[in-house]
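The structure appears right after this line, and notes come after that.
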Amino acid sequence: MKTIYKTDNGILSQKKTYEPDVWVNLISPNMDELMETADYYNIDIADLRAALDEEESSRVQLEDGYTMILVDIPSEEIRSEQRAYTTIPLGILLVDNAIITVCSDDTVILNYFYNNRMRGFSTKKKMRFVYQVLLRTTYLYQSLLRAIDKKRSEIEKRVGTETTEDKDLINLHELETNLVYFATSLSANKVVLDRLTRYERIQQYPEDKELLDDVIVENRQAIEMTNIYRDIIHGSRELVSTIINNRLNNVMKFLASITLVMAIPTIISGIYGMNVSGKWMPLAQTPHGFAIICALIAATCIVALIILKRRKML
């Protein structure tokens, strides 16, 4: 889908044709839209399609007549039948009289702009637009990182209770996977930001450089949050795994104790069931001998239970 926007006196409006100082937003575009945009602005179509490839890495690429900035932005997906987070490329191409964005998904980052909720946004100020997009990207990273940490806290609340399940381990693993994606993408975006600090190809306003400094600070904070949360989740996953294993060990210990106690009457009854002369069997000729033997078996089992209890085997 191709949409053209332009700001006039601070008001963003849609346009039907290409005009000077417009923003061309391509969301999951088809080949015709890519070809039309590439031909009009004299752009290599491979650069437009780069943002549609999930394997593309973040970078700044200088070409004749235009500049391509490729960054990774967070996105939601369904993984293991649950909502999870990943990262996808967002391409920003700066030409002489237009800004072109290309993305495979209608991300909330760009939605923030074309819904006219960004203060100071202008399609004429290209580098400011780039920095504003990057700032919204870092804010989204931080917001999702807090959401991931909240899910981790909910799982930890169930640790040590009867509701702790193997599923919690899977959920923690998924959260850790999300953080791996975030850490990789944030580090790649940091390289792009370092490159932009030396970027002088397009005119920048003094406040734009201050905005870039804010983006660098927020991106660094997002990287630190990712590393901290990843370490915490790794510890939480080991804790849940240890508790589940300990619970299994307790069950096995209990079953072993019960087996030991039940072996006592089995051994005694097995001895008395041997095909030998009854006169050599204790209590065989004694009145109420069976009741006495059962009482002795019960007493022996009780003593065994007391010993196992004191040794914390039950």
Next item on the list: Give me the distance between the Cα centres of segment 89-124 and segment 170-194, rounded to whole Å.
Entry: 23 Å
Check: Can you pull out the GluC sites (Glu not before Pro) in segment 60-158 that DSSP calls coil and that have at most 10 other Cβ atoms within 10 Å?
Finding: 81
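Count neighbours as other Cβ atoms within 10 Å of each site's Cβ, and list the GluC sites (Glu not before Pro) in segment 206-314 that are DSSP loop with at most 16 such neighbours. All intermediate terms of the calculation are to be shown ahead of the outcome.
Values: sites: 207, 210, 218, 224, 238; in loops: none.
Loop-located and lightly packed - none at all.
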Notebook entry, point to check: Hey, any idea what % of the chain's accessible area is carbon plus sulfur with a 1.4 Å probe?
Noted result: 54 percent
Notebook entry, point to check: Applying the Karplus parametrisation 6.51 cos²θ - 1.76 cosθ + 1.60 with θ = phi - 60° to the phi angles of segment 254-263, what ³J(HN,Hα) value in whole Hz is obtained for each residue in order, glycine and proline being reported as x?
Noted result: 5, 5, 5, 5, 5, 4, 5, 5, 5, 6
Note to self: Tell me the angle of helix 166-196 to the major Cα principal axis of the chain, expressed in degrees between 0 and 90 and rounded to the nearest ten.
What the structure shows: 30 degrees
Next item on the list: Compute the relative contact order of segment 1-123 as a whole-number percentage, counting only Cα pairs closer than 8 Å that sit 6 or more residues apart in sequence.
Entry: 28 percent
Item checked: For segment 101-108, Karplus couplings with θ = phi - 60° (6.51, -1.76, 1.60), whole Hz, Gly/Pro x -> 10, 10, 8, 7, 9, 7, 6, 5
Item checked: For the chain: relative contact order, % (alpha-carbon pairs under 8 angstrom, 6 or more apart) -> 15 percent
Margin query: Students sometimes get this wrong: rank 103, 294 by accessible area, probe 1.4 Å, all chains present, largest first.
Written below: 294, 103
Next item on the list: Summarise the long-distance tail of P(r) for segment 108-231 by giving the % of C-alpha pairs beyond 23 Å.
Entry: 43 percent
Note to self: Restricting to Cα pairs below 8 Å that are 6+ residues apart, what does the relative contact order work out to for segment 3-60? Please round to a whole percent.
What the structure shows: 23 percent
Checklist line | Rounded FRET efficiency, nearest 0.05, which uses the C-beta distance separating residue 311 from residue 55 and R0 of 51 Å | finding: 0.30
Margin query: From the helices alone, meaning DSSP H stretches of at least four residues, give me the mean residue ellipticity at 222 nm for the chain, per-run term -39500 (n - 2.57), in deg cm²/dmol to the nearest 500.
Written below: -20000 deg cm²/dmol
Note to self: Compute the angle between helix 31-41 and the longest alpha-carbon principal axis of the chain, please, reported from 0 to 90 degrees and rounded to the nearest 10.
What the structure shows: 40 degrees
Next item on the list: Let me know the Rg and Dmax you get for segment 205-314 when you use only its Cα atoms, in Å.
Entry: 33.2, 112
Note to self: Using only the alpha carbons of segment 41-166, what is the convex hull's orientation-averaged projected area in square nanometres?
What the structure shows: 9.8 nm²
Notebook entry, point to check: In the chain, what is the volume of the convex hull around the alpha carbon atoms, normalised per residue and reported in Å³?
Noted result: 188 Å³
Next item on the list: Could you work out the equivalent-ellipsoid semi-axes for segment 232-294, taking the square root of 5 times each eigenvalue of the Cα gyration tensor, largest first, in whole Å?
Entry: 50, 10, 5
Next item on the list: Specify the angular offset, from 0 to 90 degrees and rounded to the nearest 10, of the alpha carbon long axis of helix 126-157 from the longest principal axis of the alpha carbons in the chain.
Entry: 10 degrees
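The values are calculated or read from the model by the stated rules, or taken from the named source; none is laboratory data. No experiment lies behind these values; they were computed from the predicted model shown. So basically every Cβ, Gly included, is an ideal-geometry build from the backbone, and we count neighbours across all protein chains shown. Side chains are part of the model used for accessible areas, which takes the heavy atoms of the whole protein and leaves out ligands, DNA and RNA. Shrake-Rupley method; radii C 1.70, N 1.55, O 1.52, S 1.80 Å.
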